[in-house]
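Engineer: I have a structure I would like to understand better, so I am pasting it below and will then ask my questions one at a time.
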Amino acid sequence: MFDLPEMMTLASQMRAALPGRRVSAVEIAAERPQWLWLTHPPEEYPRRMVGQTIGPASADGHWLRLPLEPDQGLLLGDFGGRVLLHPAGTQLPAKRHLTATLDDASSLTITVQGWGFVALLSTAEEAAFAPYQHRGVSPLDPRFTREHLAQLLATSKEYRRKPIKSFLVHDPNVGGIGNGMLQDILYRAQIHPRQRVCDLTADEIDRLHGALRETMELAVAQGGRDSERDLHGQPGGYRPLMDRRAVDQPCPRCGTPIVKVSLLGGSCYYCPACQPDPHG
């Protein structure tokens, strides 16, 4: 799934390549993943998109917004897959779920892997679209201070007795963190993924806040993770410290072999010495 660094990379590349282009044709594939959520019947997409002018894209948390001026927006969110720009005359991927042909004969294709929103909304519809409006503040937002994080943790009634992993990967809490980015954040903060929110110390909250900002800044600067592709099909430059490739390899900090555990429906990678299990 695309996390904040990948969404910010895509938005930056879109701002460089797309503003001012007009949409000349749109196709929604007849066969789509079960968990690809459209906000309108497929035939509404070409009717509402064709003739619109693309504006400057923006990213916020797990969401990317591509304005279609004067009063539409294409929102991609909670999204895994590929978003690719194809020059005129190049072959398009056989598997694609939305194809927008532009006035210079280039094409923008969106292919969803697993799940994701491909939402088309007017300004009024967007204001009432709960999945987008309920997103959390991202770690790179100036509002994301240490005090903001501490307040979130202290008032998160639903998550107080749950592992910190559960708190961090739910968008209404912190925007833009998925299981992929979570591993390095907790490693840098020296916090085990099973650590309960209610048991975090003041020092651990300090370390967590610093690790959130540091990890996201590094990944954004390098164009996202090397497991994901950008608008032009190139992999990102950020290689996570903690992922499947790290298992049984020495910890970069202390040399202890990295281990893998299953937690809350996904894999977690951590150093047993730097991130001791609070439950033994």
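The values are calculated or read from the model by the stated rules, or taken from the named source; none is laboratory data. Treat the numbers as computed from the prediction; the structure is a model and nothing was measured. Here Cβ is always computed from backbone atoms with ideal geometry, including for glycine, and neighbour counts include all displayed protein chains. Surface accessibility is based on the protein's heavy atoms, side chains included, excluding ligands, DNA and RNA. Shrake-Rupley method; radii C 1.70, N 1.55, O 1.52, S 1.80 Å.
Engineer: Go ahead and run the numbers for FRET between residue 239 and residue 260, Cβ-Cβ distance against an R0 of 22 Å, rounding to 0.05.
Structural biologist: That gives a FRET efficiency of 0.80.
Engineer: If r is the Cβ-Cβ distance from residue 247 to residue 27 and R0 is 45 Å, what FRET efficiency results, to the nearest 0.05?
Structural biologist: Rounded to the nearest 0.05, the efficiency is 0.60.
Engineer: Leaving out ligands, DNA and RNA, and with a 1.4 Å probe, what % of the accessible surface on segment 1-93 is carbon or sulfur?
Structural biologist: Taking all protein chains in place, segment 1-93 shows 50 percent carbon and sulfur surface.
Engineer: Another question, if that's okay. Once fully extended, how much extra length lies between residue 267 and residue 232, figured as 0.36 nm per residue of separation less the alpha-carbon to alpha-carbon distance?
Structural biologist: 9.7 nm
Engineer: Lysine pairs in the chain with alpha-carbon atoms under 29 Å apart, 8 or more places apart or on different chains: how many are there?
Structural biologist: Within the chain, the lysine pair count is 4.
Engineer: May I pose another question? Mind checking the full-extension length gain between residue 123 and residue 104? Use 0.36 nm per residue of separation minus the Cα-Cα distance, one decimal, nm.
Structural biologist: Taking residue 123 through residue 104 to full extension adds about 4.2 nm, to one decimal.
Engineer: Percent of accessible area on segment 199-280 owned by carbon and sulfur, 1.4 Å probe?
Structural biologist: Looking at segment 199-280 in its full context, I get 48 percent from C and S.
Engineer: Expressed as a rounded percentage, what relative contact order does segment 137-207 have, with Cα pairs under 8 Å and six or more residues apart?
Structural biologist: Relative contact order, segment 137-207: 36 percent.
Engineer: Something else about it: Taking only protein heavy atoms into account and a 1.4 Å probe, give the accessible area per residue of the chain in Å².
Structural biologist: 44 Å²
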